[in-house]
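One structure is given here, and the rest of the page talks about it.
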Amino acid sequence: MKLSEIAKRFGGELYRVKEDIEIKGLKSLSSAKEGDITFISDKKYIKEAQSTLASAILTSEKLDINIPQIIVKDPQKVFYRLIDILFPEEEKTGISKKSSVSDRVKTGKDVYIGDFCVVEEGVRIGNGVKIYPNCYIGKNVTIGDNTVIYPNVVVYRDTEIGKNVIIHSGAVIGADGFGYYKEDGVHKKIKHIGKVIIEDDVEIGANTTIDRAVVDQTVIKRGTKIDNLVMIAHNCYVGENSILVSQVGIAGSSKIGKNVILAGQVGVADHITIGDNVIVTAKSGVGKDLEPNKVYGSGLQAVEWSKWKRVMFYLYKLPEIIKSLK
Amino acid sequence: MKLSEIAKRFGGELYRVKEDIEIKGLKSLSSAKEGDITFISDKKYIKEAQSTLASAILTSEKLDINIPQIIVKDPQKVFYRLIDILFPEEEKTGISKKSSVSDRVKTGKDVYIGDFCVVEEGVRIGNGVKIYPNCYIGKNVTIGDNTVIYPNVVVYRDTEIGKNVIIHSGAVIGADGFGYYKEDGVHKKIKHIGKVIIEDDVEIGANTTIDRAVVDQTVIKRGTKIDNLVMIAHNCYVGENSILVSQVGIAGSSKIGKNVILAGQVGVADHITIGDNVIVTAKSGVGKDLEPNKVYGSGLQAVEWSKWKRVMFYLYKLPEIIKSLK
Amino acid sequence: MKLSEIAKRFGGELYRVKEDIEIKGLKSLSSAKEGDITFISDKKYIKEAQSTLASAILTSEKLDINIPQIIVKDPQKVFYRLIDILFPEEEKTGISKKSSVSDRVKTGKDVYIGDFCVVEEGVRIGNGVKIYPNCYIGKNVTIGDNTVIYPNVVVYRDTEIGKNVIIHSGAVIGADGFGYYKEDGVHKKIKHIGKVIIEDDVEIGANTTIDRAVVDQTVIKRGTKIDNLVMIAHNCYVGENSILVSQVGIAGSSKIGKNVILAGQVGVADHITIGDNVIVTAKSGVGKDLEPNKVYGSGLQAVEWSKWKRVMFYLYKLPEIIKSLK
């Protein structure tokens with residue numbers, strides 16, 4: 001793609017462009033080499049921009065540096081769209097004969113199933129679905145159009161997966177929830193016959209686990225994005241367009257609203273309701289319902305250990321100190 | 001199963017039952033439809049009970065609502081047992097020819113090994129064991145009767161697994177412990193030749209990891225239940241009937257007692273001893289030995305961020321504030 | 001190996017040795033049986049040493065107990081080296097015909113590829129590499145000499161793996177980073193075309209995930225050791241010889257120095273720089289850059305719950321209490 005084509009496509013203006021070169025790669029300011037295009041998202045990176053080796057830069061205003069520029073409204077977004085255009089998804093179709101696909105599976109058009117997958121009976125697979133090698137798809141699972149399942153994913157029986165879902169390697173969808181009742185001093189397993197429902201446009205990170213419900217369903221609503229190593233327990237409900245960052249854990253039957261952000265390593269207790277548009281900052285523990293449209297937190301900041309030891313010393317003495325003050 | 005049969009089986013009493021209908025499904029109060037049976041575990045759910053669409057309800061006392069009822073002592077437990085009866089485990093036997101099972105493997109009766117498993121030499125598999133597809137069972141592993149191993153589980157060599165154990169997908173049992181010694185400024189690996197021993201009736205969640213010992217063994221005692229994404233390091237010992245909730249981490253050589261509950265995201269340092277019947281609340285850090293029969297905690301509750309920022313501000317100043325007060 | 005050989009090899013001195021026996025196993029003080037050798041690392045274990053059933057003990061000074069001893073400078077290190085000598089890595093070569101290895105793969109000498117692996121086109125595999133069953137190696141991945149990849153590992157395309165690297169089961173290297181931009185109220189995926197670079201002598205624990213960069217690279221430098229269930233996000237850089245303990249999470253674009261230790265369950269926010277030789281204690285949250293050569297922390301210690309509840313009560317009231325004091 002030539003600089004002029006990029007400018008045309010995104011309504012940009014060429015500046016200090018002497019030669020209408022062909023772009024070969026996309027890189028950050030510091031990694032770019034000759035033939036690459038890069039972008040500047042904020043004026044504070046002007047120094048890196050001055051020393052970049054890129055052959056062109058996307059910017060929202062003209063920069064007084066000697067490098068060909070394309071002036072666009074949102075350079076970062078244009079950069080991301082250029083990636084999509086220049087690196088399209090690979091075409092892959094065909095069902096490997098090295099896989100075990102039950103005769104009782106319905107598959108749409110242009111489906112790819114890689115080697116050594118097992119697809120059990122009653123599974124329905126939409127058009128354009130890609131299932132990479134070594135996956136296991138349990139009985140009666142449904143998979144919507146254009147969903148991509150990367151290698152070594154396990155989907156337990158009865159799970160419903162929507163369209164345009166992406167599931168990364170090692171994710172486990174629909175394992176039994178963690179439920180027992182005590183009898184004669186031992187834990188008796190509660191059999192889980194519920195399911196998991198993943199709606200359209202959800203992305204699920206590597207090695208994340210989402211457990212099936214006891215008798216109802218665990219639900220991830222449309223457009224929600226889940227990072228790696230996240231745990232979502234049985235009977236949870238996660239609303240639309242929410243963001244669950246890595247290593248978040250949500251205990252059983254909790255209900256997360258729409259457009260919620262749970263930052264890294266947040267833990268949510270069971271039977272909690274978190275309102276829409278809530279942000280919970282990293283490492284916080286949520287043990288009570290949270291009202292919508294607010295930011296919550298309880299994570300602590302690492303400081304020098306010698307200082308922290310003294311802080312802890314007084315923290316644990318706080319009740320006595322305050323009592324003696326009174 | 002008809003309502004009269006359920007009542008008979010669990011010593012229950014029919015109330016407001018006009019027709020002895022056949023139960024088709026089990027659901028919660030809010031999800032139940034016609035043909036389903038549900039249960040009420042506590043009077044506080046009476047409103048949901050009034051509006052349920054279920055065709056029958058298990059309850060511990062007669063409810064003044066217009067729905068057929070079965071009066072039993074513990075409705076929730078009866079509900080769970082009904083699941084077991086109405087949804088028995090699927091029968092699965094036979095060793096797939098698409099798997100690689102060494103000639104030097106001993107298998108009991110009614111064993112199921114799914115496609116694309118590798119079972120190395122010296123493995124001994126008891127009666128009724130189910131190993132789902134894409135599992136790897138290393139050399140000399142032993143697996144007791146009726147144990148179920150779900151797809152994509154890895155069991156490293158020499159691991160001993162008891163009877164009636166359930167291992168969910170993605171779990172990794174017996175990987176090397178995280179041990180090094182420093183020499184000439186670099187970390188030299190300590191070779192781990194110990195093993196993991198999982199006793200009877202243990203359940204292990206999806207993507208949980210339990211590392212092998214250096215030369216001795218990592219032990220999970222009978223009846224202990226482990227949730228998803230839990231980490232148990234080399235040389236740990238977890239006593240009988242304990243509960244390790246999701247994302248718990250236990251560092252090397254720690255010893256957890258019987259009937260212990262470690263709630264979600266708890267971390268236990270290395271070489272710690274936790275006494276029997278201890279409960280540690282969610283997100284707590286255990287850096288010292290804990291006495292038996294007590295509840296411990298150090299997890300914080302998320303509050304509004306503006307408030308939390310002020311709390312943190314003063315928390316970190318606590319040593320100076322107290323000094324100036326003195 | 002006889003006691004005299006061990007003494008000779010490590011420059012040790014025999015003491016109270018009556019018979020030059022052959023050592024059959026290596027165990028800890030408490031687990032050792034007849035025929036085993038053990039070691040004592042510290043005088044505080046003298047009581048266990050007195051009651052050990054081992055046939056010989058490695059010690060740094062003569063012990064007044066009735067058991068054959070080998071006096072060496074660093075008994076623990078000698079013990080670890082004995083493991084290496086007595087339990088050499090198993091020899092394994094040959095590429096399984098049950099795997100799918102593209103014609104366009106270059107393999108070195110003495111390579112082992114187990115059953116049901118998929119190795120895509122353009123992969124280059126060095127000498128002595130072992131890839132255990134059920135692994136997926138994406139397009140154009142490079143793997144250096146003597147690297148070992150355990151079962152069920154997934155390596156996404158373009159990843160570069162150095163020499164003598166060990167990757168444990170369930171690890172996922174090179175999945176897409178967690179990056180989106182918002183448009184019309186929904187999260188649009190940022191396509192990740194960058195890569196992961198793992199340098200020589202790195203070890204990666206079970207079920208750990210390391211995400212690929214957007215356009216540049218996520219880098220793990222030489223000699224760094226990573227435990228199980230660790231998350232390293234897109235565009236991170238981890239310096240040489242660092243230690244990341246289990247369940248650590250590092251958010252996008254953060255830069256960890258050399259010889260850093262992040263203890264268990266530490267979380268690091270995005271775009272953070274941690275200096276060389278820093279230690280962060282378990283469960284701490286790192287939200288600001290950390291200076292080199294210092295110890296940092298913010299993790300709390302579990303105490304009795306009744307006490308902790310009171311501490312929390314006053315903690316959250318701290319701003320008002322201090323205000324009223326003023």
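Every number here is computed from the coordinates shown, using simple stated rules; none is lab data. As the structure is a prediction and not an experimental result, all values here were calculated from the model. FYI the Cβ positions are ideal-geometry reconstructions off the backbone, even for glycines, and counts take in every protein chain you see.
When every alpha-carbon pair in the stretch C:149-304 is counted, what percent end up more than 24 Å apart? Within the stretch C:149-304, distances greater than 24 Å cover 31 percent of Cα pairs.
For chain B, with a Gaussian network of springs between Cα atoms less than 10 Å apart, report the residue from B:Ser51, B:Ser100, B:Ser254 with the top mean-square fluctuation. With Cα springs under 10 Å in chain B, the top fluctuation among B:Ser51, B:Ser100, B:Ser254 is at B:Ser51. Each copy carries a label point for A:His271 at 7 Å from Cα along the beta-carbon vector; from one copy to the others these points are 4.2, 4.2 nm apart, nearest first.
Can you tell me the convex hull volume per residue for the stretch C:227-326, based on C-alpha atoms, in Å³ to the nearest whole number?
123 Å³
Which of C:Val280, C:Val311, C:Val72 moves the most in a Gaussian network model of chain C with Cα springs under 10 Å? Ranking C:Val280, C:Val311, C:Val72 by mean-square fluctuation puts C:Val311 first.
Comment: the Cα-to-Cβ extended label point of A:Asp200, at 7 Å, lies 5.2, 5.2 nm from its counterparts in the other copies, nearest first. Taking max minus min of the alpha-carbon positions on each principal axis, the stretch C:1-51 gives extents of 27, 20, 18 Å, largest first. Taking a 22 Å limit on the Cα-Cα distance, which of the listed pairs B:Lys2/B:Lys130; B:Lys258/B:Lys294; C:Lys44/C:Lys258; B:Lys44/B:Lys77 fall beyond it? In this structure, B:Lys2/B:Lys130; C:Lys44/C:Lys258 lie more than 22 Å apart at Cα. Cross-link reach is defined here as a Cα-Cα straight distance under 17 Å, omitting same-chain residues fewer than 8 places apart; for B:Lys317 the lysines meeting it are A:Lys307, A:Lys309, A:Lys317, B:Lys307, B:Lys309, B:Lys326, C:Lys317, C:Lys323, C:Lys326. Considering only Cα-Cα distances, which of the following residue pairs are longer than 23 Å: B:Lys163/B:Lys221; A:Lys92/A:Lys163; A:Lys182/A:Lys283? Among B:Lys163/B:Lys221; A:Lys92/A:Lys163; A:Lys182/A:Lys283, the Cα-Cα distance tops 23 Å for A:Lys182/A:Lys283.
Normalised by residue count, the stretch C:207-253 yields a Cα convex hull volume of 57 Å³ per residue. For chain A, the dipole from Cβ point charges (+1 on Lys and Arg, -1 on Asp and Glu) about the Cα centre works out to 880 debye, to the nearest 20.
Once the GluC sites (Glu not before Pro) in DSSP loops with at most 13 neighbouring Cβ atoms within 10 Å are cut out of chain C, the longest remaining piece is C:122-326.
Mean sequence separation of contacting Cα pairs (under 8 Å, at least six apart), scaled by the length of the stretch A:77-220, corresponds to a relative contact order of 15 percent. In sequence order, the stretch B:176-184 has phi-based couplings of 4, x, 8, x, 9, 10, 8, 8, 6 Hz under the Karplus curve 6.51 cos²θ - 1.76 cosθ + 1.60, θ = phi - 60°, and Gly or Pro positions carry x.
Under the classification rounded if a/c is under 1.5, otherwise prolate if a/b is larger than b/c and oblate if not, where does the stretch B:178-219 fall, given a ≥ b ≥ c as square roots of the Cα gyration tensor eigenvalues? Judged from the Cα gyration tensor, the stretch B:178-219 comes out oblate (a/c at least 1.5, b/c at or above a/b).
For the stretch C:69-162, the direction-averaged projected area of the alpha-carbon convex hull comes to 7.2 nm².
Let me know the whole percent of all Cα-Cα pairs from the stretch B:1-145 that are separated by more than 25 Å. Result for the distance tail: 47 percent. Distance distribution P(r), the stretch B:133-230, all Cα-Cα pairs, bin width 5 angstrom from 0: 4, 14, 23, 26, 15, 8, 5, 3, 2, 0 percent. With the helix formula -39500 (n - 2.57) applied to DSSP H stretches of n ≥ 4, the protein assembly as shown reaches a computed 222 nm mean residue ellipticity of -4500 deg cm²/dmol. The Rg/Rh ratio of chain B, with Rg taken over Cα atoms and Rh as the Kirkwood radius over Cα pairs, comes to 1.09. Reducing the stretch A:92-148 and the stretch C:220-276 to their Cα centroids gives an inter-centroid distance of 37 Å.
Remark on B:Val101: its backbone amide H falls under 5 Å from those of B:Val119, a criterion applied only to residues 5 or more positions apart or on other chains, H modelled at 1.01 Å from N.
Amide H contacts under 5 Å for C:Lys294: C:Val278, C:Ile279, restricted to partners 5 or more places along the chain or on a different chain, H placed in the peptide plane at 1.01 Å from N. When chain A is treated as a GNM with alpha-carbon contacts under 10 Å, the residue of A:Arg157, A:Arg104, A:Arg81 showing the greatest mean-square fluctuation is A:Arg81. A:Lys309 label point (Cα plus 7 Å toward Cβ) to equivalent points in the other copies: 3.2, 3.2 nm, shortest first. For chain A, the relative contact order is 6 percent, taking Cα pairs closer than 8 Å that sit 6 or more residues apart in sequence and dividing their mean separation by the residue count.
Along the stretch A:28-33 the Karplus relation, 6.51 cos²θ - 1.76 cosθ + 1.60 evaluated at θ = phi - 60°, assigns HN-Hα couplings of 6, 3, 7, 9, 5, 10 Hz to successive residues, with x for each Gly and Pro. Under 5 Å between amide hydrogens, built in the peptide plane, is the criterion, and for C:Gln217 it picks out C:Lys195 among residues at least 5 positions away or on other chains.
Distances between every pair of Cα atoms in the stretch A:279-326, grouped in 10 Å steps from 0 to the bin holding the largest one, split as 21, 30, 33, 16 percent.
Expressed in units of 2.2 N^0.38 Å, where N is the residue count, the Cα radius of gyration of the protein assembly as shown is 0.97.
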